[in-house]
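Every number in this text was worked out from the coordinates using simple rules, so none of it is lab data. All of these numbers come straight from a predicted model, not from anything done at the bench. When we count neighbours, we look across all protein chains shown, and the Cβ atoms used for this are built from the backbone with ideal geometry, even at glycine.
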Amino acid sequence: MKAIFVLLMMFVFGNIAWAQNVDDDTNVGNNQVPTGERVQKEPIREKVDGIYDKTHVYNRTPVSYVHLREADVMWSKTVWRRIDLREKINHPLHFPNLGDLTSETTQGNWLSFWDVLYSALDSTERNPNPLMIYTDQWCNIPQYFSEFKGKLGTKKKMPQFDDDGVIIGEIEIVDPYKKSDFLALDIKEMWFFDKQRSVLDVRIIAIEPLFYVEDPTAALAEKFRSDEDESMDEDLVDKLFMGAGWLYFSEIRPVLASNDAFNVFNTAERRSYEDFFWKRMFSSFVLREENIYNNREINQFLLNGLDQVLESDRITNEIRKFEHDMWDF
């Protein structure tokens, strides 16, 4: 009799323990899920990134431009500049730089500048009206998002082997760029003197992100290809800045104004990416100015690096001196 009672109690307590383990594995919040089904956990709130809700920047709109008439512009000059993101002052536009270009990398609720641009161009449920990216600086011929995405990697040909290890052909793969390869921005801007307000002003027209990657030309790939020596020095491979397309700055300003940029001095001071460009809080150098020679770049007629730097400074000083000379009586 005692043996039957002991067996009965073991059976009852065993069922209770098994049911408790099943409940622990299948309960998520207050929802019940079928036994054995894998649960994809969803976030229940925004990322906790402080002791108060940061909503000021997300509700901001860009600062409106002052109305400008053609008759009020008595002088203007178009210049192309390059913002090198490797400079310390430009780091807020570069970091965080982990992962591929197509994967979102966040640091809390703060998005990198590239993620802000890419999310604005990609059509998702959160972004039903994506912005356009254009083929050139004139911003009149848009390109498909698939074309743009295809430029975010290097197409390479790899040998294809059969089961016996014999080469039977080649396959083409796309090696995606990394966020760490996003190292520069080209901006096209116009400096002008507004006689109605008696000020020298500047407005950015277009912007292009640049990636510092290996030269994708087939000739260069063949030049450094070596079947005998597989331990090829990476420093021997030429790298250059490659662009994926131009963005019309007036179109992306609302997106930049509603996204927070990192303030290295005071994180409580809310600063958007639009503020970063509006207040000229970046370092850059002149690539070229509008000229009669097909708008050629400085490096096309000056080969020495020092001469290129001096010519870039000359163009910058020429713009500064124009406003000073306006008040020289």
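General observations
- For the criterion of being under 15 Å from residue 191 (Cβ atoms) and not in a loop (DSSP other than H, G, I, E, B), residue 317 passes.
- Search result, residues across the stretch 59-100 that are closer than 22 Å to residue 208 by Cα, loosely packed, with under 13 Cβ neighbours inside 10 Å and basic (Lys, Arg): 86, 88
Okay, residues lined up against (1) part of a helix (DSSP H, G or I); (2) in contact (Cβ under 8 Å) with a residue 24 or more places away in the chain; (3) buried (at least 17 other Cβ atoms within 10 Å of the Cβ):
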position	(1), (2), (3)
269	no, no, no
282	no, yes, yes
293	no, no, no
296	no, no, no
299	yes, no, no
303	no, no, no
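- Matching entry among 161, 182, 192 (being out of contact with any Cys (no Cβ under 7 Å at 6 or more places or on another chain), more than 24 Å from residue 132 (Cα to Cα) and surrounded by 16 or more Cβ atoms within 10 Å (Cβ to Cβ)): 192
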